[in-house]
Every structure is written in structure tokens, then in C-alpha cells.
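Novice: Input: one structure, supplied below.
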Amino acid sequence: MVVASQAATAPSKIYFDVSSTTTTFGNTIHRIASDGSARTSYSARSDNPYGHGLSLSRDKTKLKADGGSGDVLNSSTGIVISKLTTNFSSSSPIAYKWMPGDKSLIYTITHDNKIYAVNSDNTQKKTLTSGPAGTRLECPDVQRQGAKIAYMQSDAATYSQIITMNLDGSGKKSVALAPHDGLVQLCPKWSPDGKKIAYYRHSYQSDGKGGYNHVADLMVANADGSGTVKVANSFTTSINSSNPYSAASLESVYAWQLSFPTPWSPGNTSLLIKKVTGNVENLYHINIATKKLTAVTKNTSTSTRIEQYGWSPDRRIVFTYGPATAQTVVKSVRTDGTSSKILYQAKTGEAIEGLMF
């Protein structure tokens, strides 16, 4: 059933990043309403060779692209407000998130054990927190209602935990501690009201044949780590590899994935997830209390990949899809999969690499 208020809600502004498939630096930011109207675009610079993520300020007036020299832009006009020059020579800053008040951002560095902070005017760069030597701090997410940051701390991809801390880096607390080696907690996402955290839990078991079975579960916990529940039971997949932690093994068996913009419904009751069955990818949303699973897409092609997806403030589901080589379409649908609208179709040589609202 479609929520009655959905039709009356004003269309949300959707931002996405379009880049050339033949060059790394420089891209175009597009802004469009979730009903397909009022599309505008402007150029932006990003020097991130690992992809072009976007971060929208809480008041929705400023936009930051990933990369050490990426610009902070006026989200309506594309005019450069400031330039962030974090000057990391070997790795690129990623996963920018705006802090409350929209005056500073946090970010991580690929394969690094720190979370950094910088003002949006490029002043007061500092290390906000550090993990033990040999660990990686990844996927930071800032509580929208409250004053906490959640992130993943991993050790060589064989062990990880979800940690929360205050905005100044103090008060660290492990809210999802893996009880044994081989249990991996991935990428926390705060609910809109700040009361819950959603994350993956991955584990591996010997299949008795020299390989491993992979188990992936979608978990939700209270902000303090209490009340943990398994929202989605995973399937078990045999991995033809003697090393269950290899990148190839992990990539081949991801079944449930939390989305890049926000997987949470505006009412904090459901999560948007991707399920892969027989190499066919589709989106679903699952009610946390009832565990009811509702299909959003009806893809039947093994060659179509759904990469970025989220729940917009006006209760439409927005996602990108395309062949394995590049995401080429941005689409918007109602929560039951109806009223489908293509918001953007990439031209030859273009790839869609960012989605935010």
C-alpha cells in the first residue's frame, strides 16, 4: 500500500554525479526533482580516483564531492564556496559527512586508521580520532538527531566492530563487538531519528570441502548497542576459495547491502536493501518490526547492476542501475515499485557515480 501522504509531499531534490568513463578528474553535478522536473547541472572538480561520492549539508545549501581538492559548492547554483586542500599525496579523502551546524565535515582516508575533521572554509584541519596500528576506520556516519558519530573499525578485513563516539572524538564505545575472529560488522547507518543503527554482520564457516560458507545478516541495534535484532536472515553461499577474506570471495557473495544515501524510511520503520538471487539484483524494503519484505524492482537480467539507492524525504525510492561497467540510469519509484520515472539517462561515455538527497 502506498502511504497516502506520499502524493501530497513536495518532490525532493536529487543530486547525482556524472563523470566521463575515459577520464578520472572533473565531473558534472546534476540536480533534479524526484518527479523528474526542474533538472539543472553544473561542473565540479573532484580528484578522487576511487569514485565520486557526494555529501549534502543538513540545510541542503552546500554540496561536497569526494577528493582532496574537491570544491564545496552552493547546491543550487554550483558556485564554489570554498576549496578543501587536504594535501594527502598517496591516498584520497573519502566518505565526507557534514557535522551539525554545517560548518565542518569529517572524512576518512583510504586504508587509514584515522577519522579527520576540517571546517568547510578549509581551516582547522585535525585528526578527530585514531584506531590501533594496523586497523582501518571506515564508513563514518553522523547522527542527524543527536551528537554521535558511528564508524567501522576493522583489522585486515578479518575482524571488525561498530564504534560510536561524541562529535569531538571522546566517549568511544563499541556498540557491535564481534565476539570472535571472522565475524565482520560493516558500515553503520543511523536512523533519521538517531535512535537506531543498522549494519551488516558477515561470518564464515568451513564447508568441510576446503572452502567456506558465507553468512550475511542485516542487523539493527539501539544507539547504545542494546536491543540488537536480526532484521533479515541471510542465505549461505559456498565460496570456492581457501581464503574466505579475499576480496574476490567477498565481492562474489554480497547479498544484502545498505545503500549509500540512506537506507532508512523517513518514518524509521523500514530499511531499503538489495537482494541478489542467482546473480539477479533487485531492491526490497523490509519492515523492522514485522520482517515483511516488499519488492521494489522486478529486474530479471543478470547483466544489470543496481549500485546506489536510497529513500528520499518525499518517500520515493531513488536508485541507479546499468551494466557492470558503469551505472547509466537514475530512476525514481513509489515504495510499491509503481509510478516509475527515469530521472536521467547517461550519454555514451558517461557514468553515474554519486547519488545524494
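Novice: Which count do you get for residues in region 331-357 that are over 13 Å from Ile29 (Cα atoms) and either touching a residue at least 24 places away in the same chain (Cβ under 8 Å) or surrounded by fewer than 17 Cβ atoms within 10 Å (Cβ to Cβ) (or both)?
Specialist: Total satisfying the criteria: 16.
Novice: Report whether or not Tyr254 is more than 15 Å from Lys189 (Cα to Cα), under 17 Å from the mean Cα position of the chain (by Cα), at pLDDT 75 or above and not basic (Lys, Arg).
Specialist: No.
Novice: Would region 136-143 turn up any residue that is of a type in the set (S, T, N, Q), modelled with pLDDT of 90 or more and either within 22 Å of the chain's Cα centre (by Cα) or surrounded by 15 or more Cβ atoms within 10 Å (Cβ to Cβ) (or both)?
Specialist: yes
Novice: Now for a different question. Tell me, yes or no, whether region 332-339 has at least one residue that is within 27 Å of Ser41 (Cα to Cα) and within 18 Å of the chain's Cα centre (by Cα).
Specialist: yes
Novice: Sort out which residues of region 212-247 are assigned to a loop (DSSP other than H, G, I, E, B) and at pLDDT below 70, and write them in order of number.
Specialist: Asn233, Ser234, Phe235, Asn240, Ser241, Ser242, Asn243, Pro244, Tyr245, Ser246
Novice: If Ser160 satisfies every condition in (1) more than 19 Å from Ile94 (Cα to Cα); (2) surrounded by fewer than 19 Cβ atoms within 10 Å (Cβ to Cβ); (3) modelled with pLDDT under 90; (4) not aliphatic (A, V, I, L, M) but one, which is the exception?
Specialist: (2)
The values are calculated or read from the model by the stated rules, or taken from the named source; none is laboratory data. In this text, all values refer to a predicted model and were calculated from it rather than measured experimentally. Every residue, glycine as well, gets a Cβ built from its backbone with ideal geometry; the counts of neighbours run over all protein chains shown.
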